[in-house]
Number of protein chains: 4
Amino acid sequence: MPNLMARRKTLVDSMMRDAIYQGAVAVLAEHGLSGATMDRVAAAAGVAKGSLYNYFRSKDELLTFVHEKTIQPLIEANEAIAASDHSVAEKIEAMTRGWYRYVCEHRATFQILVANMNVEGVLREASIRSQKASIDVIAGIIQQGVESGEFRPLNAKYVAETLLAAAKGGLEAEFLEGSQRSEDETTETLVAVFLHGLCAN
Amino acid sequence: MPNLMARRKTLVDSMMRDAIYQGAVAVLAEHGLSGATMDRVAAAAGVAKGSLYNYFRSKDELLTFVHEKTIQPLIEANEAIAASDHSVAEKIEAMTRGWYRYVCEHRATFQILVANMNVEGVLREASIRSQKASIDVIAGIIQQGVESGEFRPLNAKYVAETLLAAAKGGLEAEFLEGSQRSEDETTETLVAVFLHGLCAN
Amino acid sequence: MPNLMARRKTLVDSMMRDAIYQGAVAVLAEHGLSGATMDRVAAAAGVAKGSLYNYFRSKDELLTFVHEKTIQPLIEANEAIAASDHSVAEKIEAMTRGWYRYVCEHRATFQILVANMNVEGVLREASIRSQKASIDVIAGIIQQGVESGEFRPLNAKYVAETLLAAAKGGLEAEFLEGSQRSEDETTETLVAVFLHGLCAN
Amino acid sequence: MPNLMARRKTLVDSMMRDAIYQGAVAVLAEHGLSGATMDRVAAAAGVAKGSLYNYFRSKDELLTFVHEKTIQPLIEANEAIAASDHSVAEKIEAMTRGWYRYVCEHRATFQILVANMNVEGVLREASIRSQKASIDVIAGIIQQGVESGEFRPLNAKYVAETLLAAAKGGLEAEFLEGSQRSEDETTETLVAVFLHGLCAN
DNA sequence: GATGAATGAGTTTTCATTCAT
DNA sequence: GATGAATGAAAACTCATTCAT
């Protein structure tokens, strides 16, 4: 049954890519992007260097894979929230909280990945793509709020960019500080500012 | 008078460092961070490669110098605004607008510098330091607003991080897009959100 | 009857080697000698890479096989002509014409093989062997002419080397030029020069 | 006097290129083209690997340099002979003899270079260029003979290709054999064949 | 102090060969 | 016998840093 063999091959392939992914994440966490050599990735993944090239055509492809595999769940969560039937304010809060949780759970990877997202080179393009996708979804929610009258008539795209950057900035600051912050205070502060602003009245 | 000679030496030193700075900025703008080799910097600065090492102990030190020299005016402007006697809301707006202007004027350099600010390696530490300084100043303003009752009682530091990141994110998005945005709409949107929030009421 | 099984085995073996030969020729024609990887040969031959090593001990052995199998018919044709009862002048012409025809028919392979014949490495030895064999045959014909008085008393071996190289050179030039030349003019020119020389008298 | 310094620099540069040339020739003679790694060339030239790249942009450029530097004198000698006022038959003989002498004097280099001239890769183009140049000069002489009536009306280009290849073939055979042949018999045989042909009458 | 040639460790990528299944 | 994933030894090229002049 060739079908079965093909499936097995696909499965094994996927497991190897995963193993390499794990190795790459470990190396990124320990040595940073510029310290992530193929030698180290291979060693961390427990395979020979040449084997990396059986699963990824180049270092670039490998890094892109790592990026996408890490970021994908976040994008999907955003889309799910956008498609839900909560109020726009609730969507903003849910998204923000979702980001915080997911990123904190994958702290090690994100610490590197977020930090290097805008670096030149391969990751840049992958990063720009995913960033644009996220901003579109967020801007959609904001625009929805603007149109329903719930939100003031501001440029939805600018606000979306701003919100995403603010969230990333908060997480980065937390990472830098080293200490773990309270999920509630962090997200509530961000949401409070974006929904109601700093001003008191 | 050895004093005079020492002063002259210091002056010449400083001029050389400036020339090298100019060269480095030009190279960064043209070739990006990863394309900024010492060879190119020396050529652009019009000095021999070996001379770079008479003024900077290493490439890292040189890049740190570039970073600080570029970012310094921003920090000083922040401090001036913080020390002024405008209302906190006005201070927020003035700062935001100041960032936008300065960064746009030095677009080429910032496009590289901002984009690579958080990369691991040399720039990281310089970047963290300057970021912390900025956040302290901004947080000071916000705290002032909180204490005066103008602002709601939110965690000033978190908000400051968030505001700075949001501003950077907006500028980055503009750089990425390639087109120049209107200073007014950009800053007004950001300020509007941070002062009054998205919600309509 | 083990005899039968042995014969079958030999037959199957020979068919596999042929299939691999076909694949190798295709790869050589498409990718050249340096692009002829075992991966590509295996793919072109429709077998697994590992199987190549069941029929050839090494890449070198495989390439040698390709060379010999390609060149063999030429050598045999030379021998047939040498053994025929034409005049020596006719033999020279027949051989020359035979080379031209055969090589042009297998243009793709020869373009690679001839071009790389003298390269160091594997092919070198195979090439030298076959070249020596050819030269012996040609020199035999010339010597025959010398002894019969038809040819002037020149060093038969030197002339044979010279004639073979001249023919190869002409074909190479034709390959380089890209255009197909007339079989008649090409061979007649070569034969005319070798038999009667450039001088008009 | 900057002129002087520039001249010195050019001189030193040229000496380094020569030293590297020597190293490359030694490596080619010992290990052949495919064994000529940059590591080995550097070692043979007594410099660090990186230094090679201060004088040649790439391995290809280096190899091309080796080729041209080796072949150039031959081309110039050909041109000088072509421009002389000897009879065409004398020119043919002088050229042939000149090739033999020069090549035998630089035996080690040519053994590799000639053998690899038509290999794919960098040398191919350099080789084709120089070969075309030579053939043009030779064909010019032959055409001159045809027009003056001294030579029979044969295709000058074909004959030129043929003559050059024949000479190369003879030298190659000599190299292969290992023993040194008599310059007189070798060149006289070749010239005799090309001028008067094999046939006796 | 200025110069820039020399250095060599470090990086990515390729590919013949092996061997467990 | 067939398979093809795993291997790891090379190889070309880069560039921060040093140091003799």
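The values are calculated or read from the model by the stated rules, or taken from the named source; none is laboratory data. All of these numbers come straight from a predicted model, not from anything done at the bench. Reconstructed Cβ throughout: ideal geometry from the backbone, glycine too, with neighbour counts over all protein chains shown. Side chains included, ligands, DNA and RNA excluded: accessible areas come from the protein's heavy atoms. Shrake-Rupley method; radii C 1.70, N 1.55, O 1.52, S 1.80 Å.
Pick from region A:172-187 the residues that are at the interface with chain B (Cβ under 9 Å from one of its Cβ atoms) and part of a helix (DSSP H, G or I): which of them is nearest to the chain's Cα centre (by Cα)?
Here the answer is A:172.
Pick from C:74, C:28: which is surrounded by 13 or more Cβ atoms within 10 Å (Cβ to Cβ), among the aliphatic types (A, V, I, L, M), within 13 Å of DNA strand E (Cβ to nearest atom) and within 19 Å of residue C:106 (Cα to Cα)?
C:28
For region C:1-20, give me the residue count where each residue is of a type outside the set (D, E, K, R) and within 16 Å of DNA strand E (Cβ to nearest atom).
So the answer is 2.
Would you point out which residue out of B:121, B:50, B:46, B:23 is at positive phi, at pLDDT 85 or above, small (Gly, Ala, Ser) and more than 13 Å from the chain's Cα centre (by Cα)?
B:46
Please go through region D:2-20 and give me each residue that is modelled with pLDDT under 80 and surrounded by 13 or more Cβ atoms within 10 Å (Cβ to Cβ), ordered by number.
Within region D:2-20, no residue meets the criteria.
Being more than 16 Å from DNA strand F (Cβ to nearest atom) and surrounded by 15 or more Cβ atoms within 10 Å (Cβ to Cβ): is that true of residue A:67 here?
yes
Can you tell me which residue among B:129, B:101 is within 14 Å of chain A (Cβ to nearest Cβ), open to solvent by 50 Å² or more (accessible area, probe 1.4 Å), under 27 Å from residue B:186 (Cα atoms) and away from DNA strand F (no atom under 14 Å from the Cβ)?
Working: B:101 fails: within 14 Å of chain A (Cβ to nearest Cβ).
Every option except B:129 fails the conditions.
For region C:31-64, give me the residue count where each residue is under 23 Å from residue C:125 (Cβ atoms), more than 14 Å from every other protein chain (Cβ to nearest Cβ) and open to solvent by less than 20 Å² (accessible area, probe 1.4 Å).
4
Across region A:137-182, which residue is most open to solvent (accessible area, probe 1.4 Å) among those that are of a type in the set (A, V, I, L, M) and more than 15 Å from residue B:169 (Cα to Cα)?
Checking each candidate, the answer is A:176.
Can you run down the residue pairs with Cβ atoms below 6 Å, 6 or more apart or on separate chains, where the first is in region D:39-50 and under 12 Å from residue D:21 (Cα atoms) and the partner is more than 7 Å from DNA strand E (Cβ to nearest atom) and not β-branched (Val, Ile, Thr)?
Once the first residue is under 12 Å from residue D:21 (Cα atoms) and sits in region D:39-50, its partners that are more than 7 Å from DNA strand E (Cβ to nearest atom) and not β-branched (Val, Ile, Thr) give D:41/D:23; D:41/D:24; D:42/D:52; D:44/D:23; D:44/D:26; D:45/D:19; D:45/D:23.
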